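The values are calculated or read from the model by the stated rules, or taken from the named source; none is laboratory data. The model shown is predicted, which means the values in this text are computed figures rather than measured ones. As a convention, Cβ positions derive from the backbone with ideal geometry for all residues, glycine included, and neighbour counts pool all protein chains shown. Only protein heavy atoms, including side chains, enter the accessible area calculation; ligands, DNA and RNA are left aside. Shrake-Rupley method; radii C 1.70, N 1.55, O 1.52, S 1.80 Å.
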Amino acid sequence: MANYEQQVNDFMAKVIAKNPGELEFHQAVHEVVESLVPFIDENPQYREAKILDRMVEPERVLMFRVPWLDDKGDIQINRGYRIEMNSAIGPYKGGLRFHPTVNLGILKFLAFEQVLKNSLTTLPMGGGKGGSDFDPKGKSDNEVMRFCQSFMTELQRHIGPDTDVPAGDIGVGGREIGFLYGQYKRLRNEFTGVLTGKGLEWGGSLIRPEATGYGATYFAKEMLATRGETFEGKTVVISGSGNVAQYACEKVTQLGGKVVTLSDSSGYIYDPDGIDADKLAYVMHLKNVKRGRIKEYADKYGVNYYPGERPWGIKCDVAMPCATQNEISEEEAKVLVANGCFCVSEGANMPSTPEAVIVFEKNKLLFAPGKASNAGGVAVSGLEMSQNSLRLSWTREEVDNRLHQIMKDIHSTCVKYGTEGDYVNYVKGANIGGFVKVADAMLAQGLV
Ligand code: NDP
Ligand code: 2IT
């Protein structure tokens, strides 16, 4: 059955009709379906079993009210979600996002991506995602705690260490995981690995905070190696200044690269001398403790700050988008290419628009989609689950070595399924590589 374009359009028409208005979900599914249609054509068992049709339908969607009291004693109401997308190869696994833009479509896109990403890690984890339209910015610690307690009061009845294991994402870091875990433990009277990203003293894994940023850098290192290149002496542009951006910056610098930008939703800073370990320590304190704005970096180090702008106009060799979805437009992709950027490793989920991806592929960039390059975070979450089950903690070196090997293996999987002549299409490689294991498990488990 040829005419792939028609097949993609027909499939998408059904998805769009069934999930109206969920633009990010349509976008994520479209990218995957484009890669998979030719592959499924060659492997008709997947078409006959309607695997793809089943995969775009969440196994379960939970949506709930989250009432809480602010510091003034006023009642606040947010909406909580958990998308339990696919459990073919393990318990649902994926982060929680707290951000005012959160809605069903965004969480379904993230959950869908997570299914394939988790499969790529080779660890036994299904896919899920959740969160709330709660905005932690400007809230006191007590308000964040009361919100987390209310959120978990409902969520706890749906999750468990062998059922569904949430973790962090935008707006959910160590502080929030602590509050969520405390409430789970109190309600269920059990100390289990029900969340990952926990503190080291209470079941967390070494390297989990670092894992996504380190992993995205290890993945870029593998891509660079295919062209005989390394990070040594490369100029790197990073967006974001949260968890993923911070540790991408740290690892790139350790590998000899020079990171010249960081950003937040208000603007970006450009430091032509590079953000070294001391300056990064300042950023970590600014963002994780003081919860301030990246502009303060410019004031402290006397560099330029560009309010309301993204950093893609800065000349670089490697770009690492580590903030949020659709943060590189077609125009920005063209500027990156024109300035000599030849490698893009996504730390965020779906940060490049579809049009930007086409620009990267046409110009034969080394381009890694988030589901491959940012899988290090959930991979170490999987290792945290293993350690919790074993009731043991591995050393920093052991976890880092495992992370490094997993990123190398994901790279090999992408090369295996994505090589087209002399170019590796990492998007295609990641989509097919992630799909096969989930699809075969679904075939084996019958019509579920
Ligand atoms: P954080 O909340 O720690 O940091 C997010 C950063 O991105 C902040 O600098 C934030 O700026 C910026 N940002 C968030 N939303 C927007 C927006 N709409 N426009 C512009 N900037 C924005 O989150 P993480 O670092 O954990 O997550 C970053 C990305 O990485 C997300 O796409 C997430 O899904 C992905 N990811 C995270 C993993 C993890 O383990 N944490 C694992 C895999 C992927 P501001 O402070 O102004 O909001
Ligand atoms: O997008 C992601 O992979 C994450 N936010 C991490 C999920 C996890 O379970 O560690």
Longest to shortest principal axis, alpha-carbon extents of the range 238-369, angstrom: 41, 29, 23
Rounded if a/c under 1.5, otherwise prolate or oblate - the range 369-448, Cα gyration tensor axes: oblate
Computed [θ] at 222 nm, deg cm²/dmol, the chain (DSSP H ≥ 4; -39,500 (n - 2.57); rounded to nearest 500): -15000 deg cm²/dmol
Heavy-atom SASA rank of E176, E232 (probe 1.4 Å, accessible area, largest first): E232, E176
Convex hull volume per residue in cubic angstrom - Cα atoms of the range 167-296: 115
Listed residue pairs exceeding 29 Å between alpha carbons, taken from K185/K408; K251/K287; K108/K137: K185/K408
Per-q log10 I(q)/I(0), the chain, q = 0.07, 0.11 Å⁻¹ (Debye; single scatterer per alpha-carbon; no solvent): -0.32, -0.83
Surface accessible to a 1.4 Å probe, R79 within the full protein complex, Å²: 120
Relative contact order, percent, the chain [alpha-carbon distance under 8 Å, six or more residues apart]: 15
Solvent-accessible area, 1.4 Å probe, carbon plus sulfur percent, for the chain: 51
Of G370, G126, G256, the one that fluctuates the most in a GNM where the chain has Cα springs shorter than 10 Å: G256
In order through the range 276-290: 3J(HN,Hα) via Karplus (6.51 cos²θ - 1.76 cosθ + 1.60), integer Hz, x for Gly, Pro: 7, 4, 5, 5, 5, 4, 4, 4, 5, 5, 4, 8, 8, 10, 6
Accessible area (Å², 1.4 Å probe, nearest 10) - L206: 50
Normalised contact order of the range 291-448, rounded percent, pairs of Cα under 8 Å and 6 or more residues apart: 15
Magnitude of the charge dipole, the range 165-294, Cβ model with Lys/Arg +1 and Asp/Glu -1, debye to 20: 460
Dimensions (Å) - the range 298-355, Cα atoms, principal axes, largest first: 36, 23, 18
Positive-pole candidate from Q149, V102, N78, dipole of the range 1-153, charges at beta carbon: Q149
Options F231, V252, S241, ranked by Cα towards positive dipole end of the range 200-324, top entry (Cβ charges): S241
V344 - accessible surface, heavy atoms, 1.4 Å probe, Å² rounded to 10: 0
Per principal axis, descending, Cα span of the range 35-145 in whole Å: 62, 23, 21
Vicinal HN-Hα couplings computed from phi for the range 396-405 (Karplus, 6.51 cos²θ - 1.76 cosθ + 1.60; Hz; Gly/Pro x): 4, 5, 4, 5, 5, 4, 5, 4, 4, 5
5 angstrom amide H check on V259, placed H, neighbours 5+ away: V236, I275
Amide H contacts of C316 (H built 1.01 Å from N, under 5 Å, at least 5 apart or other chain): C341
Solvent exposure ordering (accessible area, 1.4 Å, most first) of Y301, Y46: Y301, Y46
By accessible area with a 1.4 Å probe, ligands and nucleic acids excluded, highest first: order of R175, R293: R293, R175
Selected from Y297, V357, L286, residue furthest toward positive end of dipole (the chain; charges at beta carbon): L286
Rounded to whole Hz, the Karplus (6.51, -1.76, 1.60) HN-Hα couplings of the range 240-257, x for glycine and proline: x, 8, x, 3, 5, 4, 4, 7, 5, 4, 4, 6, 4, 5, 4, 8, x, x
For the range 304-448, projected area of the alpha-carbon convex hull averaged over all directions, nm²: 12.3
